[in-house]
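Here's the structure we're looking at; comments come further down.
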Amino acid sequence: MIASGMISDGILALKTSDTGKTALGWMEDYKVSHLPIVNNEELLGLISEMDIYNLNDFDEPLGNHNLSLTKPYVNEHQHIYDVLQLVYEEKLTLVPVLDDKNRYIGVITLQSLLSAFAQALSVNNPGGIIVLEMSYKDYSLTEIANIVESNDAKIISTFIFTHPQSVKMDVYLKINRTEIDSIIKTFTRYDYFIKAVFTENSESENLKERYESFIKYLNV
């Protein structure tokens, strides 16, 4: 999943002649806290709500505002992980996208980013979810995949949830079938610690809480 495939429709760019009042109105309409300022096809930067409030003159053109962000953007060919990293590091509500000639072509909002990430995690595909807890040194995706495939199943998506100041990690596995009892028994036989299980017939509150924590992490 690359940046050009996640560009949101309907988000207009501001001009330097637009006022802070106009920018705040658009931010409210779009439900964002940042908007790009573009001159022709050149990205001049991102302006935030705080930039406007700090100037304290809502009728002042945006060209007279100091921008707190140093022109954050991604190239159209960059991966979704690069977009996520920029959102996390700069605490952004949207990310500008430039083409190979550094021309502005649009923005990626948090909503479109989360939708793309949900696709990457096969959220809409039926199947069971197993959460394994282990240390970094014990992690082997090859061994985990072999265990799953030995039960005539496939891993259709996986991601790792790390714990700050800990050597432990949670490995989330989305399996391509809902009947996963035999897979769970095999993991247990190989001394894996199963932290949570989610199927269409049963819901783990532990898993639910960790999923919500992950979404909060993406939203910063």
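Every number in this text was worked out from the coordinates using simple rules, so none of it is lab data. Computed from a prediction, not measured in an experiment: that's the story for all the values here. With ideal geometry, Cβ positions are generated from the backbone for all residues, glycine too; neighbour counts draw on all protein chains shown.
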Nearest 10, in degrees from 0 to 90: the angle of helix 80-90 to the longest Cα principal axis of the chain is 60
Placing one equal point scatterer on each C-alpha of segment 63-124 and summing with Debye, one gets log10 I(q)/I(0) at q = 0.12, 0.20, 0.24 Å⁻¹ equal to -0.33, -0.82, -1.07
Taking the dipole of the chain about the Cα centre (Lys, Arg +1; Asp, Glu -1; charges at Cβ), the one of GLY25, ILE108, PRO36 that reaches farthest to the positive side is ILE108
Hydrodynamic radius by Kirkwood for the chain, inverse mean 1/r across distinct Cα pairs, in Å, is 19.8
Asserting the computed 222 nm helical MRE of the chain (DSSP H runs at least 4 long, -39500 (n - 2.57) per run, divided by residue count, to nearest 500) equals -10000 deg cm²/dmol
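Would you work out the relative contact order for segment 1-114, in percent, from Cα pairs under 8 angstrom that are 6 or more residues apart?
On the way: 199 pairs, mean separation 36.5, N = 114.
Reported relative contact order: 32 percent.
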With a Förster distance of 35 angstrom and the Cβ-Cβ distance between THR188 and TYR88, calculated FRET efficiency to the nearest 0.05 equals 0.50
Between the Cα axis of helix 20-30 and the main Cα principal axis of the chain, the angle (0 to 90°, nearest 10) is 30
Computed over segment 112-160, the distribution of all Cα-Cα distances in 10 Å bins, rounded to whole %, is 20, 47, 29, 4
Expressed in nanometres to one decimal, the distance between label points 7 Å along Cα→Cβ at ALA145 and SER33 is 3.9
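Over every pair of different alpha-carbon atoms in segment 3-118, take the mean of 1/r and invert it; report that Kirkwood radius in Å.
Hydrodynamic radius (Kirkwood, Cα only) of segment 3-118 equals 14.1 Å.
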Note on the chain: contact order normalised by length, alpha-carbon pairs under 8 Å, 6 or more apart, percent, works out to 18
Helix 205-219 sits off the longest principal axis of the Cα atoms of the chain, rounded to the nearest 10 on a 0 to 90 degree scale, by 30
Which residues qualify? For SER8, with a placed amide H closer than 5 Å and at least 5 residues away or on another chain, they are VAL107, ILE108, THR109
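Which entries in LYS31/LYS71; LYS101/LYS174; LYS15/LYS101 show an alpha-carbon gap greater than 27 Å?
LYS101/LYS174
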So, with points 7 Å from each Cα along the Cβ direction, the GLU60-SER17 label distance in nm works out to 2.1
